[in-house]
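> Quick one: the structure is below, and I'll ask about it shortly.
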Amino acid sequence: MRGRCAAGGGRELTVPTQHVCSLEELPPGSKKIVQHGRATIGVSNVNGSLYAMRNLCPHHGAELCLGNASGTMVPSAPNEWSYDTDEVVVRCPRHRWEFRLKDGRSFTDPERYRVRVYDVTVIDGDVHVEV
Ligand code: FES
């Protein structure tokens, strides 16, 4: 599954990776943005789960990962408000579009707008993104 943290004890990676930082440097509620070639990748720790996403909004190219990651409002009956903490999204800082961290799809138009997401692995206390 993309964007999920994998416990890497003893596991050897067979795909290219980008080292991010030590897990201690990425506590819950924090994020890191790392350079990978010409692109940047944002890695977020949301309540202990690690997610990685390309740092480029498909709308107008803002640095998407500078936005806040949190739960979001979900459809509900008229005059009711429903906030889902399991549906974690990042909110673009420019126009506030939301993208699901688990699959990079736009929350409101998932078939049209999508951001690349990456698997995240922790090996020997270091966070890596599988690129
Ligand atoms: S640039 Fe991200 S929502 Fe417009």
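The values are calculated or read from the model by the stated rules, or taken from the named source; none is laboratory data. Note that the structure is a prediction, hence the values are computed from the model and not measured. Quick reminder, even Gly has a Cβ in these numbers, built from the backbone with ideal geometry, and neighbours come from all protein chains shown. Side chains are part of the model used for accessible areas, which takes the heavy atoms of the whole protein and leaves out ligands, DNA and RNA. Shrake-Rupley method; radii C 1.70, N 1.55, O 1.52, S 1.80 Å.
> Report for the range 6-130 the percent antiparallel among DSSP-assigned beta bridges with both residues inside it, nearest 5.
Values: 34 of 36 bridges.
In the range 6-130, DSSP labels about 95 percent of beta bridges as antiparallel.
> Over the Cα atoms, compute the radius of gyration (one decimal) and Dmax (the largest Cα-Cα distance, rounded to a whole number) for the range 6-130, in Å.
My reading of the Cα-based Rg and Dmax gives 15.1, 51 Å.
> May I ask you to rank Thr85, Thr40, Thr72 by accessible area, largest first, using a 1.4 Å probe over the protein chains only?
Working: Thr85 90, Thr40 35, Thr72 5 Å².
Listed by decreasing accessible area, they come as Thr85, Thr40, Thr72.
> State the percentage of accessible surface on the chain attributable to carbon and sulfur atoms; use a 1.4 Å probe and exclude ligands, DNA and RNA.
Values: 3560 of 7710 Å².
Of the solvent-accessible surface of the chain, carbon and sulfur hold 46 percent.
> In debye, nearest 20: dipole of the range 6-130 around its Cα centre with unit charges on the Cβ of K, R (+) and D, E (-)? Could the numbers behind the result be given before it?
On the way: 14 positive and 16 negative charges, 111 e Å.
With only Lys, Arg, Asp and Glu charged at Cβ, the dipole is about 540 debye.
> Between exposed GluC sites (Glu not before Pro) in the chain, where DSSP calls loop and at most 16 other Cβ atoms lie within 10 Å, what's the longest gap? Mind showing how you got there, number by number?
Details: sites that count: Glu12, Glu63, Glu80, Glu111.
Counting at most 16 other Cβ atoms within 10 Å as exposed, the longest clean stretch of the chain is 13-62.
> Amide H to amide H, which residues 5 or more places from His36 or on other chains are under 5 Å from it, using H placed in the peptide plane?
Ile41
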